Structures are given as structure tokens and as C-alpha cells.
1. Within region 21-39, identify whether any single residue is closer than 13 Å to GLY114 by Cβ, in contact with a Leu (Cβ under 7 Å, 6 or more places away or on another chain) and modelled with pLDDT of 95 or more, and answer yes or no.
2. With ARG28, ARG40 as the choices, which residue is in contact with a Phe, Trp or Tyr (Cβ under 8 Å, 6 or more places away or on another chain), of a type in the set (D, E, K, R) and buried (at least 16 other Cβ atoms within 10 Å of the Cβ)?
3. For region 115-130, state whether one or more residues are out of contact with any Leu (no Cβ under 6 Å at 6 or more places or on another chain), more than 25 Å from LEU174 (Cβ to Cβ), surrounded by 13 or more Cβ atoms within 10 Å (Cβ to Cβ) and among the aromatic types (Phe, Trp, Tyr).
4. Out of all the residues in region 126-142, which are polar (S, T, N, Q) and outside any loop (DSSP other than H, G, I, E, B)?
5. Residues being loosely packed, with under 12 Cβ neighbours inside 10 Å, assigned to a helix (DSSP H, G or I) and not hydrophobic (A, V, I, L, M, F, W, C): count how many of those fall in region 146-181.
6. Scan region 69-87 and give yes if some residue there is among the hydroxyl-bearing types (Ser, Thr, Tyr) and either surrounded by fewer than 17 Cβ atoms within 10 Å (Cβ to Cβ) or closer than 21 Å to SER186 by Cα (or both), otherwise no.
7. May I ask you to list pairs of residues, at least six apart or on different chains, whose Cβ atoms are under 7 Å apart, with the first in region 127-141 being within 16 Å of ASN102 (Cβ to Cβ) and the second being among the aliphatic types (A, V, I, L, M) and assigned to a loop (DSSP other than H, G, I, E, B)?
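The values are calculated or read from the model by the stated rules, or taken from the named source; none is laboratory data. This structure is a prediction, so every number in the text was calculated from the model and none was measured. Every residue, glycine among them, receives a Cβ derived from its backbone with ideal geometry; neighbour counts consider all protein chains shown.
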Amino acid sequence: MNSQSKKSVCVYCAHRDGVKPCYLNAARDTGALIARLDMRLVYGAGDIGLMGAVADAAQAAGAETFGVIPQHLMNKEVGKRDLTSFVITENMHERKKIMVMNADAFVLLPGGFGSLDEFFELITWRQLGLHSKPCFIYNVDGYWDALIALINNQIEQGFVPTENIDYFTTVTTLDELESGLTQALS
């Protein structure tokens, strides 16, 4: 749990916009939602793509922002230095650890390999009993349908315990995300 009295939501997402405008809109809406709920955004400190959109929207709506980026991604993800808190780490492992330690809940927006890495590490840590924080997959326009099918297949084939499906909640609308975060963090 973070040391702040204000609840913090970590958002995992891409440093690209994606091909559908709804992805960028969902990122902006998520940032604004975090501010509306008087929570702090924790994220990968990028200033482009969905990462930049979620942070810009959170800042514009008055939220505190906590960004964590490894030195080697400062140029690629264009590190956003105008955040409330900005941390530069030596590597990805340190980045992910700091983000998890400073968040009370997690939201997975559309993203690529990095977002998947962060999500799977998060639910693996949950499986190992290292945390019990709520995690949401925001399945914007069916983007994560294949991921959810993969996880269900892992369960059906006996490689993942059935109860592990409860390690995350899938939402398809901003209202569902708001309801989930409000219930989980109250």
C-alpha cells in the first residue's frame, strides 16, 4: 500500500495511440475518472500515446500524478517531467516494483507487450500471495477479448486454478470501471 492517504490507481497502457480513436478516448476518460474520484494516477511516465493521454487528462482534471520510467526509455516514451512525482529508475524491474508498491488498484488499458508483461507479473504476484490489490482489465471495444479467451483456456486446460479468474475484473465501460474502483477502494 502506498504511503499516501489518497488512493492511487496504476494504469498500464501503450506509448502508442493504436488504430482506433476509442483507445485514446478511453485513456483520456480513465485519467479524468481518476481525478474525479480524487485519486492519484500511477503510470509509466510516458508523454506519448495512451500513456500521455491518460496523464494529460488526469492532470487537466486536477489529479496528482506519479510517473516511473527507466532511463533507457526516456527518449522512446518521451518521459513526462511535469508530473507531481517523477521517478527515473535504472531498469524495468525497478520501474514495475515501484509502480506496484505505490498503487492501491490497477487498470489495464489497450497496450502491447509491455502492458502484458506488467499485467501478467501483477497477477502472478497475486497468485504467489505478494499482494491482494484489485486489478481491472478495461476491455475497450473488445481489445482484450483474445487475452481473456487465453486465460480461460489456461483454466480449462488445468494450468491455472479456476479461482484465479477472480484476480482481475473485466469491465467494458467507464461506468463499470468507476463502479469497480469505487467499491474496491472504499
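1. Residues of region 21-39 closer than 13 Å to GLY114 by Cβ: none.
Looking through region 21-39, none of the residues is closer than 13 Å to GLY114 by Cβ, in contact with a Leu (Cβ under 7 Å, 6 or more places away or on another chain) and modelled with pLDDT of 95 or more.
2. ARG40
3. Yes.
4. GLN127
5. Of the residues in region 146-181, 6 are loosely packed, with under 12 Cβ neighbours inside 10 Å, assigned to a helix (DSSP H, G or I) and not hydrophobic (A, V, I, L, M, F, W, C).
6. Within region 69-87 (the criterion being among the hydroxyl-bearing types (Ser, Thr, Tyr) and either surrounded by fewer than 17 Cβ atoms within 10 Å (Cβ to Cβ) or closer than 21 Å to SER186 by Cα (or both)), the answer is yes, since at least one residue qualifies.
7. Listed pairs, sorted by first residue: LYS133/ALA103.
Yes/no per residue for (1) of a type in the set (Ser, Thr, Tyr); (2) at pLDDT below 95; (3) within 25 Å of ASN139 (Cβ to Cβ):
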site: GLY46; (1), (2), (3): no, yes, yes
site: ALA55; (1), (2), (3): no, no, yes
site: LEU73; (1), (2), (3): no, yes, no
site: GLU77; (1), (2), (3): no, yes, yes
site: LEU83; (1), (2), (3): no, no, no
site: MET101; (1), (2), (3): no, no, no
site: GLU121; (1), (2), (3): no, no, yes
site: THR124; (1), (2), (3): yes, no, yes
